[in-house]
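A.B. asks: So that we are looking at the same thing, I have put the structure below in structure tokens.
The values are calculated or read from the model by the stated rules, or taken from the named source; none is laboratory data. Given the structure is predicted, the values throughout are model-derived calculations rather than measurements. We place every Cβ from the backbone using ideal geometry, glycine too, and count neighbours over all the protein chains shown. Side chains included, ligands, DNA and RNA excluded: accessible areas come from the protein's heavy atoms. Shrake-Rupley method; radii C 1.70, N 1.55, O 1.52, S 1.80 Å.
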Amino acid sequence: MPRLVSHPDEVKIVSRRFGLGAAKIDRYLELGGYKAAKKCLEQGPDWIINEMKASNLRGRGGAGFPAGMKWSFVPKKSAKPKYVLVNGDESEPGTCKDHLIFLHDPHAVIEGTIIAGLAIGAKVGFIYLRGEYRYLLEIMEKAVAGAYAKGFLGKGIFGTDPKTGTEFQIITHTGAGAYEVGEESALMESLEGKRGIPRIKPPFPAVVGLYGGPTVINNAETIATVPHVIEMGAAAYAAAGSARNGGTRLFSISGHVERPGVYELPMGYNLKKMIYEVAGGVRGGRKLKAIVPGGSSTPVLLPEEIDIGMDFDQVAKTGSMLGSAGVVVIDDQTCMVEFALRTISFYQHESCGWCIPCREGTDWLKKSLTRFHAGFGTAKDIDNIQHIAENMLGRTFCPFGDAAAMPTLAFVKKFRKEFEDHLNRKACPFAKHVELAVI
Amino acid sequence: MSDETMTLFSPRLAARFDALILKYPLRRSALVPMLLYAQDEVGYLSDAVISEVAERIGITELEVRNVATYYSMLRFKPAGKYNVQVCTNISCMLRGAYEVYERFQEELGIAHKGITADGLFSLEEVECIGACCWAPAIQVNYEFHDELTPEHVPGILAGYRSKAGVPSDGSLSLGWKAGVPSDGSLSLGWKAQAEGNAPHA
Amino acid sequence: MADVTFIVDGKKLTAPAGTLLIDACRKAGIEIPAFCYYPGLSLQAACRMCVVRQEKVPKLQTACTTTVAEGQVFITESPEIAQARKSTIELLLGNHPLDCPVCDAGGECELQDMTFKYGAGESLYAEAKEHREEQQWSPAVYFDRPRCILCYRCIRMCGEGMDVWALGVQNRGVSSVIAPNGGDQLDCEQCGMCIDVCPVGALTSGSYRYKTRPWEMNHVSTVCTFCADGCKVTLGVRQVNDGSEIVRADNRDKSGINGDFLCAKGRFGFDFVESPERLTKPLVRNSQGKLEPATWEHALRFAASKLKEIRDSKGGASIGVIGSNRTTNEENYLLQKFARTVLQTNSIDHVRSTDYAALARALAGHNCKTASLRDIATAPAILLIGGNPTEEHPLLAWNLRTNVRLNRARLYIANTKPIKLERQAKAALRLPADGYQAIPAYLGGSDDTIKDTAFREAVLAEESLVVVFGQEYRGQAVESLVAWGLKRGPNSGSVRFAFLGDHANSRGAADMGLLPDLLPGYVPVTAPGAFQEYPGLPATPGKTLPEMFEAAGKGELGALLVVGANPVASLGVDPAALKNTFVIVQDLFLTETAALADVVFPAASLYEKSGTVTNTYGDVQLAKKAADRAGVKPDFEILVRLAGAMGVDVKTLVPFGKDGVTADLGQSRGAQAGEADRHAVWLAANNLEPRLSPFDPLAVLDEIERLVPGYTLDRINLFGGNDVRTEPGFVPITALKEAASALVAPAHDGLFTSGTLGRYSPALKELEQHQARELAESAAD
Ligand SMILES: Cc1cc2nc3c(=O)[nH]c(=O)nc-3n(C[C@H](O)[C@H](O)[C@H](O)COP(=O)(O)O)c2cc1C
Ligand code: SF4
Ligand code: FES
């Protein structure tokens, strides 16, 4: 059972029920559950969407798109059924927050899905969990069964007429190991029983999505936040965060810190403070070398760059991204070439292979870096690595290529010296395990 | 299709598949879960499994293979009864995942994708499993073990050995020793595994 | 859609809104490179070669997925774009084997061309490349994985285009690989379309691989000799010792009636030409009763004198002539003219693959009532009755599928058995075993044996309809079906017909009067009209094919001239019947019929001569001489020489030369045979008169156009390599005798068979055996 952490600076909204047994529906109800959905049912779609817009809740999956705005793109009338799709594929290295939501508060996901459905006029919602989260899927399935039993799901939810009232169904689904499937259109393909290849956009999912119907796709955390927004009111929620970045966020802090864990902190919370105070500083009193601020695909930051507020806009100013808010802390005993190699190995392994720049680029990068880290690199390789990454950037079929290229560029630019230290057949200065397994 | 004589799955799983297909707006959506659940029971995706799944979904075997080979959790050769998956991605790596992985290699005497001679364990280096804050973490089948050090490794293996009913000296020979039948038909050992899989919550 | 105006590279372009930018540009002559884009197939946006800059859009956009809208501004070539394309190629070449010197595609590879264009010659890649053995997926298809650039064209062509779905992608990322449905085997229709669309040398043809380099070949586009759809096929020809040989057949020239398409026969079956069983010397039966090689001169003189003797002693009526379904229109025309005016017999016939005469009769007086093969690719609604085009008319099936896929055409199928095309059909009507005859009445509403009224209503609701039907209809049945279409209101101009026969020029055989009662253009011999100019034209109908053999059996047939046909095998004639008949056969092989002959002339195949052929829909195309084989002569030339040897003034047969001009009859001798044909094509293309040689089929084409109703051809297009229309409905007669429908002997060829000819193609035989094995294996599963 993953350890729960806490810190006085935390503002517990989404994590409010963590550790309180809320996976059981009765307990969830005791803790105020399903009131928000009921309220939304009474207030109607326009009200919900306005609340969502006013809350400044931005997508927690990575791109930070305003959730209310996304919902408003769904056409009111549609010949095909509309759907809500909850993205629980959580696969971005450094990120494990949805894990805790599914474990501790599955009903918040269900309630959020119902509300999204009410807002866009969908009758069916899907909750897609990555294949590795089997035990969480079972918890989720139990929770869904509980919600059906209580009449929160099915025909005539919340006591409306079973024939004429509101209907909402939830279908849970498991993946089977594929990071790329987290990309929204690849997620829809995967859910349709196909290879996880993204779709050509436009059309966007809000217009043509799952099974061809208009679809809202949100990250599990985004969805789990929705009932809280409704409960506490959009204004109050927005006020908890920073400008244009409503509320709080679950930060997964991992790596070389004293107290790693998932902390719920206000949007805009200072990164330096997050590392040194909330997470207890660098492990063993070592020196900080680098920070990945938002999951493995976000460009690395140097210690001098971390006096910033952690919200989408402020992190973007540093040239990096808030992404999935997976903060990975790296100490001074770490080889950045090895770190770069491990990062790009992941992208090589997970590229769907559809387009040339991504498929060939990640492979080429991995091979060069492997050789480089083993001490067989040349000065030209460093330029070449940069050249490949630059040529992937913005040229690929989906944002995956950027996700692989951006961190690579940052590693080479910010740690060029360390790359140079590996030249001329020198062993890695940090040599712990030079022989990386080549997957 | 749930007719016992026609399926290579247990009656329970076959019934589950019958329901799974009806769960979605389009039956093809059941494909990936079906493959995963079939693998849980049979051990891997044998030709026979692929052929039955193709028939159940109503698509060609080629289409099933196109999809199945895309997903990294799906495999086409048997693994050990306990498949040890060690995450070595960044968060885990920083906190010693490679040391843990190496210790598993030593204890089991196998490398990446290897299977122990008794068929009890297989080992895999895997990508991020979503336990970064509790690193380093591993999964054994679907069970998470987190915040590990190399010293935890013998204990974890011993736990699974005793779960499988192997005395610590390894003297007892069991059904699973024979491994998975090449035709992928269900052996008792595998069924027990599927049931013994129940995750902790 | 309404037209929009947008700017590309500073040029103002106009196209319907929603057109893909890449198509709009190509139409305007702005070439945008692409690997994955393939017109008509689903969009991929995978190769990223087509990137362009769109004003006000931050990232480069893919032209293959961008649809044009009013006021957009694009740049398609700039340093930034060139760099993007160059780097994509660099990335591809990183893992590419660079084995161009031995690759089949070398010289005609899109990757090579792009590398050249964007200058990605220098290798930045230092890692070892992964080698993988090439795989043989079937006798026809080989796969070389390291060369594959994953453009997915093959998968889409096989699935969307062919509706076979035998290829897929497996694994992911850099391990992604194109995989066939049978594990390591390709279980499919073996059309080879995947090879054609592959932009590189990843998919290669079993019959062509490692044979030659593209630049060592001449590429001649001509007409396929197999089925009656008449695909344009490009033959790759190379010089060899005894002439020139065909090393490859493909569909490089996508301008033909078949667009992108070519089937297994067209692609792989050309090797009959090189068969060691080809006849290359005339054979004459010696005094021991054995066929032995003879000189052309001796064989011709012998045959001519016998013919003359028999005609003069027993009368022309005692001579029979059997023509071919694969010889050109000019040859067929000449053959009947030779039979009627020189041999003085109307006993001329051919193995009829369908009852074209009945169609002509049914349509007499009505113009524009037949549909071309192209019409079938665009018609909004088609009713297909009987047959199985997927097997028997692959191009027709392709056009139907394409039309349904791209234009949402509505296909209605009435058949006694399920056929694959029903997957594309809007509605299918299952008929009882003898149900075809009832269709006209069913459509007309006066039949109640067929219960499915919804099908009828759907068909009748169509404003315009093309009715495609085949040999299930003969004689009177054809007339009732056509009659239904002709009088169908409210807009009775809206039904057109396509009548299906077999082989490359069956229609041409019928149109050119290889019939005992009908002259070319279905003009009755009893009322010959313009053909009155034929000297000594016999006025009564001659014997039909069975009647000839019957007469032979009774010892009443003095001589039989068989040109390119094998009636002994195809109609199962008792060889003994020909005991007392002097038999002359012109053929490529010593067929069952030729084996019985007294004189055998080695004939050129359709790939070794020029002339026109008419497909079953009435589309006329120009066949061009591609290959050459020492020793053989085109049937046209053999006939002229035979006539000459009989003492006929050849000019009365072939109106060549101007008065007073005589041509050198020797100009097409030996290895140069066919020179005259090529010369003729050139003359015709340049509109030059007169035809200088008696061996010039174009001289006869002039006469065909002059005398044969319906054959007024658009020559510019014909000689430009396009298909042109002929209209049999133009026959100005009404009362024709109904031919015995028993005479129709459809071939029922499959994907790998084509009458006698197909038997001599090792490639087709191998494919057929392969397919039989696959079938047996899957049945055993
Ligand atoms: C390569 C790639 C992987 C992604 N993985 C995930 C993921 O695991 N979970 C997730 O919620 N979003 C993921 N996303 C983002 C989704 O595409 C999508 O933007 C998100 O689910 C929308 O939800 P939100 O608006 O609530 O953030 C990924 C995007 C890309 C390009
Ligand atoms: S085999 Fe050829 S056509 Fe098929 S994906 Fe590869 S390169 Fe494209
Ligand atoms: S042609 Fe546009 S991406 Fe390939």
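A.B. asks: Using a 10 Å cut-off on Cβ to Cβ distances, tally the other chain neighbours for every residue of A:173-186 and report the average as a whole number.
C.D. replies: Details: counts 6, 5, 5, 14, 11, 8, 3, 3, 3, 0, 0, 0, 0, 0.
Taking all residues of A:173-186 together, the mean is 4.
A.B. asks: Now for a different question. Sorted by average packing, counted as other Cβ atoms within 10 angstrom per residue and highest first, what order do C:8-17, C:638-647 take?
C.D. replies: In descending order of packing, they fall as C:638-647, C:8-17.
A.B. asks: Using only atoms on other chains, find how many Cβ atoms lie within 10 Å of each Cβ of peptide B:27-35 and report the average.
C.D. replies: Values: counts 1, 4, 10, 2, 5, 15, 8, 1, 2.
Mean inter-chain Cβ contacts per residue within 10 Å come to 5.
A.B. asks: Something else now. Along the Cα-to-C-beta direction of C:LYS254, a point sits 7 Å from the Cα; which residues of region C:1-26 have their amide N less than 13 Å from that point?
C.D. replies: Backbone N within reach: C:23, C:26.
A.B. asks: With a 1.4 Å probe and all protein chains kept in place, how do B:ARG27, A:ARG17 rank by accessible area, largest first? Please report the intermediate quantities before stating the final value.
C.D. replies: Details: B:ARG27 115, A:ARG17 0 Å².
Putting B:ARG27, A:ARG17 in descending order of accessible area: B:ARG27, A:ARG17.
A.B. asks: So what is the relative contact order of region B:11-68, in percent, for Cα pairs below 8 Å that sit 6 or more residues apart?
C.D. replies: Working: 39 pairs, mean separation 16.8, N = 58.
Averaging sequence separation for qualifying contacts and normalising by length gives 29 percent for region B:11-68.
A.B. asks: Between C:GLU122 and C:LEU571, what length comes free when the chain is fully extended (0.36 nm per residue of separation minus the Cα-Cα distance, one decimal in nm)? Walk me through the intermediate numbers first.
C.D. replies: On the way: separation 449, 0.36 × 449 = 161.64 nm, distance 6.51 nm.
Stretched out fully, the C:GLU122 to C:LEU571 stretch lengthens by 155.1 nm.
A.B. asks: Among the lysines, select those whose C-alpha is under 30 Å from the C-alpha of C:LYS211, and discard any that sit fewer than 8 residues away in the same chain.
C.D. replies: Partners within reach: C:LYS117, C:LYS129, C:LYS232, C:LYS254, C:LYS265, C:LYS281, C:LYS609, C:LYS624, C:LYS625, C:LYS633, C:LYS765.
A.B. asks: Using Cα centres only, tell me the gap between region C:143-165 and region C:552-598 in whole Å.
C.D. replies: That distance is 47 Å.
A.B. asks: Apply the Kirkwood formula to region C:512-609: the hydrodynamic radius equals the inverse of the mean of 1/r over all pairs of different alpha-carbon atoms; give it in Å with one decimal. All intermediate terms of the calculation are to be shown ahead of the outcome.
C.D. replies: Working: mean 1/r = 0.0673 Å⁻¹.
Evaluated over region C:512-609, this radius sits at 14.8 Å.
A.B. asks: Can you list the lysines whose alpha carbon is less than 16 Å from that of A:LYS97, not counting same-chain residues fewer than 8 positions off?
C.D. replies: A:LYS12
A.B. asks: So, one more: Sequence gap of 8 or more, or different chains, plus Cα separation below 26 Å: how many lysine pairs satisfy both in region C:357-500? Could you put the intermediate results ahead of the total?
C.D. replies: Numbers: C:LYS369/C:LYS426; C:LYS369/C:LYS487; C:LYS417/C:LYS426; C:LYS417/C:LYS451; C:LYS420/C:LYS451; C:LYS426/C:LYS451; C:LYS426/C:LYS487; C:LYS451/C:LYS487.
Lysine pairs, 8 or more places apart or on different chains, close enough: 8.
A.B. asks: Another question, then. Helix A:220-232 sits at what angle to the longest principal axis of chain A, using alpha carbons and giving 0 to 90 degrees rounded to 10?
C.D. replies: Helix A:220-232 sits at roughly 50 degrees to that axis.
A.B. asks: Go ahead and run the numbers for FRET between C:GLU31 and A:ILE200, Cβ-Cβ distance against an R0 of 25 Å, rounding to 0.05. Spell out each step's value before the answer.
C.D. replies: Details: r = 22 Å, r/R0 = 0.89.
It comes to 0.65.
A.B. asks: Let me have the relative contact order for chain C, percent, based on Cα pairs under 8 Å that are six or more residues apart. Numbers along the way, then the final one.
C.D. replies: Working: 1666 pairs, mean separation 113.9, N = 781.
Relative contact order for chain C comes out at 15 percent.
A.B. asks: Please give me the summed charge of the neighbours of A:ALA206: other residues whose Cβ is under 11 Å from its Cβ, Lys and Arg +1, Asp and Glu -1. Working shown, then result.
C.D. replies: Working: positive: A:LYS70, A:LYS82, A:LYS201; negative: A:GLU184.
Around A:ALA206, the charge tally is +2.
A.B. asks: Let me ask something else. Calculate the length of the line joining the C-alpha centroid of region C:501-530 to that of region C:374-409, in whole Å.
C.D. replies: 28 Å
A.B. asks: While we're on this one: Rounded, prolate or oblate, given the Cα gyration tensor of region A:25-239, with a/c below 1.5 counting as rounded? It would help to have the intermediate numbers written out before the result.
C.D. replies: Working: a/c = 1.31, a/b = 1.18, b/c = 1.11.
The shape class here is rounded.
A.B. asks: Pick from A:MET336, A:MET267, A:MET232: which is most flexible by mean-square fluctuation in a GNM of chain A where alpha carbon atoms under 10 Å apart are linked?
C.D. replies: Highest fluctuation among the options: A:MET232.
A.B. asks: If you don't mind, another one. Based on the Cα coordinates of region C:115-157, what is the per residue volume of their convex hull in Å³? Intermediate values should be presented prior to the final figure.
C.D. replies: Numbers: hull volume 5.2 nm³, N = 43.
Measuring per residue, one finds 121 Å³ for the Cα hull of region C:115-157.
A.B. asks: Here is a follow-up. Counting only other chains, what is the mean number of Cβ atoms within 10 angstrom of the Cβ of each residue in peptide C:177-186? Could you put the intermediate results ahead of the total?
C.D. replies: Values: counts 2, 0, 4, 1, 6, 2, 4, 0, 0, 0.
Average per residue, whole number: 2.
A.B. asks: What percent of all Cα-Cα pairs in region A:320-392 falls in each 5 Å bin, counting up from 0?
C.D. replies: Each 5 Å bin holds this share of Cα pairs: 3, 15, 21, 23, 21, 13, 3, 0.
A.B. asks: So if the hydrodynamic radius of chain C is defined as the Kirkwood radius over C-alpha pairs, what does Stokes-Einstein give as its diffusion coefficient at 4 °C and 1.567 mPa s, in µm² per second?
C.D. replies: Details: Rh = 28.1 Å.
Once the numbers are plugged in, D ends up at 46 µm²/s.
A.B. asks: Which one, C:ALA409, C:GLY444, C:VAL468, is farthest towards the positive end of the dipole of region C:357-500 when Lys and Arg carry +1 and Asp and Glu -1 on their Cβ?
C.D. replies: Highest projection toward the positive end goes to C:ALA409.
A.B. asks: Under a 5 Å amide H to amide H cut-off, with H placed in plane at 1.01 Å, what residues pair with C:LEU465 once short-range neighbours are removed?
C.D. replies: Placed amide hydrogens put C:VAL495, C:ARG496 under 5 Å from C:LEU465.
A.B. asks: Please find, in a Gaussian network model of chain A (springs between Cα atoms separated by less than 10 Å), the residue of A:PRO203, A:PRO227, A:PRO260 whose mean-square fluctuation is greatest.
C.D. replies: Of A:PRO203, A:PRO227, A:PRO260, the most mobile in the Gaussian network model is A:PRO203.
A.B. asks: Just to be sure I understand the model, the point goes 7 Å from the Cα along the line to the Cβ. What's the resulting A:MET232 to A:ARG3 distance in nm?
C.D. replies: The two pseudo-label positions are separated by 2.7 nm.
A.B. asks: Report, in debye and to the nearest 20, how large the dipole of region A:248-331 comes out about its Cα centre when Lys and Arg carry +1 and Asp and Glu carry -1 on their Cβ. Could you put the intermediate results ahead of the total?
C.D. replies: Numbers: 9 positive and 9 negative charges, 49 e Å.
Around 240 debye, computed over region A:248-331.
A.B. asks: Once Rh is set to the Kirkwood radius over Cα pairs, what Stokes-Einstein translational diffusion coefficient, in µm²/s, holds for the protein assembly as shown at a temperature of 25 °C and a viscosity of 0.890 mPa s?
C.D. replies: On the way: Rh = 36.1 Å.
It diffuses with D of about 68 µm²/s by this estimate.
A.B. asks: Sorting check: for A:310-318, C:320-328, which peptide has the highest mean count of neighbouring beta carbons within 10 Å, and how do the rest follow? Working shown, then result.
C.D. replies: Numbers: A:310-318: 18.8, C:320-328: 28.8.
Packing order, densest peptide first, comes out as C:320-328, A:310-318.
A.B. asks: How far is it, in nm, from the label point at A:LYS272 to the one at A:ARG27 when both lie 7 Å from their Cα along the line to the Cβ?
C.D. replies: 4.0 nm
A.B. asks: Sorted by average packing, counted as other Cβ atoms within 10 angstrom per residue and highest first, what order do A:136-142, C:514-520 take? Kindly include the intermediate steps, with their values, before the conclusion.
C.D. replies: Working: A:136-142: 21.0, C:514-520: 26.4.
Going from most to least packed, we get C:514-520, A:136-142.
A.B. asks: Let me cross-check B:GLU106: its accessible surface, 1.4 Å probe, with only protein heavy atoms counted, in Å² to the nearest 10?
C.D. replies: My reading of the accessible area for B:GLU106 is about 130 Å².
A.B. asks: How charged is the neighbourhood of C:GLY259? Take every other residue with its Cβ under 10 Å from the Cβ of C:GLY259, and add Lys/Arg as +1 and Asp/Glu as -1. Write out the running numbers ahead of the final one.
C.D. replies: On the way: positive: C:LYS232, C:LYS254, C:ARG374; negative: C:ASP260.
Residues near C:GLY259 contribute +2 overall.
A.B. asks: Got the relative contact order for chain A handy, in percent, Cα pairs under 8 Å and 6 or more residues apart?
C.D. replies: Values: 903 pairs, mean separation 70.8, N = 439.
This gives 16 percent for chain A.
A.B. asks: Taking the Cα centre of each part, how many Å lie between region C:241-303 and region C:423-443?
C.D. replies: Their Cα centres are 41 Å away from one another.
A.B. asks: Using the Cα gyration tensor of region B:1-158, with a ≥ b ≥ c the square roots of its eigenvalues, what is the shape: rounded (a/c below 1.5), prolate (a/b larger than b/c) or oblate (neither)? Present the calculation step by step, with values, prior to reporting the outcome.
C.D. replies: Details: a/c = 2.56, a/b = 2.04, b/c = 1.26.
It is prolate, given that a/c is not under 1.5 and a/b is the larger ratio.
A.B. asks: Add -39500 (n - 2.57) for each DSSP H run of 4 or more in chain C, then divide by its residues: what number comes out at 222 nm, to the nearest 500 deg cm²/dmol?
C.D. replies: Values: 24 runs with 210 residues, N = 781.
Taking each H run of at least 4 residues, the total per residue is -7500 deg cm²/dmol.
A.B. asks: Hey, another quick one. I want to verify a result. In a Gaussian network model of chain A, Cα cutoff 10 Å, which of these has the top mean-square fluctuation: A:PRO293, A:PRO202, A:PRO66?
C.D. replies: Looking only at A:PRO293, A:PRO202, A:PRO66, the largest GNM fluctuation is found for A:PRO202.
A.B. asks: Leaving out same-chain residues fewer than 8 places away, which lysines sit with a Cα under 19 Å from that of A:LYS39?
C.D. replies: A:LYS53, A:LYS123, A:LYS150, A:LYS155
A.B. asks: Which of rounded, prolate, oblate describes region C:502-568, given a ≥ b ≥ c as roots of the alpha-carbon gyration tensor eigenvalues and a/c under 1.5 marking rounded, otherwise prolate only if a/b is larger than b/c? If you can, show how the numbers build up before the last one.
C.D. replies: Working: a/c = 2.36, a/b = 1.24, b/c = 1.90.
Oblate is the answer for region C:502-568, as a/c is 1.5 or above yet b/c matches or exceeds a/b.
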